[in-house]
1. Take region 28-58 and flag every residue that is over 52 Å from the mean Cα position of the chain (by Cα), loosely packed, with under 14 Cβ neighbours inside 10 Å and not hydroxyl-bearing (Ser, Thr, Tyr).
2. Which residue out of Gly163, Gly122, Gly158, Gly145 is on the phi > 0 side of the Ramachandran plot and modelled with pLDDT of 90 or more?
3. Identify the residue in region 176-190 that is assigned to a loop (DSSP other than H, G, I, E, B) and surrounded by 12 or more Cβ atoms within 10 Å (Cβ to Cβ) and, among all such residues, is modelled with the highest pLDDT.
4. All but one of (1) hydrophobic (A, V, I, L, M, F, W, C); (2) at pLDDT below 85; (3) within 24 Å of His117 (Cβ to Cβ) hold for Phe131; state the number of the condition that does not hold.
5. Is region 196-203 home to any residue that is on the phi > 0 side of the Ramachandran plot and assigned to a loop (DSSP other than H, G, I, E, B)?
Amino acid sequence: TEGSFACSACENGYWVNEDGTACEDLDECAFPGVCPSGVCTNTAGSFSCKDCDGGYRPSPLGDSCEDVDECEDPQSSCLGGECKNTVGSYQCLCPQGFQLANGTVCEDVNECMGEEHCAPHGECLNSHGSFFCLCAPGFVSAEGGTSCQDIDECEDYGDPVCGTWKCENSPGSYRCVLGCQPGFHMAPNGDCIDIDECANDTMCGSHGFCDNTDGSFRCLCDQGFEISPSGW
């Protein structure tokens, strides 16, 4: 122009400055969305894009990559488990009795496959997130239903099991054998009858009275005397 000049056009990657006297580099990275999948780096007359690694995305300004919280995305959630975000990735935490499948789904563990949890006295039945034992006759479930324990019929049911005979427990069963409990002796007819310990005049000494009880006895002391540590 008369007495001056002006720049009317610049090469690609440059723009005319405000007073029109020079072509300056155009910072393409200042424009949002220039690098939709990565970080923008300005260069003289141009720019370059560097994609973010997996698990990262461009920041709102496009000048850095930031972690993606996959747990906020329903498509990446952990079905049946808990989603835990990690730097650049995420984890699926499955509850007890479940295992991770395909990285995103918590599936029930069939405890009855391979391991003999209820053997040898029960059958293992799988349930959602656990299992339970179907026990054989003579056994009862224990430890929350995850094992089978022998029923001690002699201890649990007492004298009615064998009457005057002696009860002997066995795995899953019991048997009655001829014999008497302590404090009894067997009569000729096979009955167990009480032993009268007081028939022995010296059982409680010279300062006590012997009182026979069913299967045992006790000593009642004269005034001024007390029972000995042995109870006799």
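1. Ala30, Phe31, Ala44
2. Values: Gly163 fails: modelled with pLDDT of 90 or more; Gly122 fails: on the phi > 0 side of the Ramachandran plot; Gly158 fails: modelled with pLDDT of 90 or more.
Exactly one of Gly163, Gly122, Gly158, Gly145 is on the phi > 0 side of the Ramachandran plot and modelled with pLDDT of 90 or more, namely Gly145.
3. Let us first name the residues in region 176-190 that are assigned to a loop (DSSP other than H, G, I, E, B), namely 178-183, 187-190.
Of the ones still in play, those that are also surrounded by 12 or more Cβ atoms within 10 Å (Cβ to Cβ) are 179-181, 183.
Values: Gly179: 75, Cys180: 78, Gln181: 78, Gly183: 88.
Checking each candidate, the answer is Gly183.
4. With respect to (1) hydrophobic (A, V, I, L, M, F, W, C); (2) at pLDDT below 85; (3) within 24 Å of His117 (Cβ to Cβ), Phe131 is out only on (2).
5. First, the residues of region 196-203 that are on the phi > 0 side of the Ramachandran plot: none.
Looking for residues that are on the phi > 0 side of the Ramachandran plot and assigned to a loop (DSSP other than H, G, I, E, B), one finds none in region 196-203, hence no.
The values are calculated or read from the model by the stated rules, or taken from the named source; none is laboratory data. A quick note: this is a predicted structure, and the numbers were derived from the prediction, not measured. With ideal geometry, Cβ positions are generated from the backbone for all residues, glycine too; neighbour counts draw on all protein chains shown.
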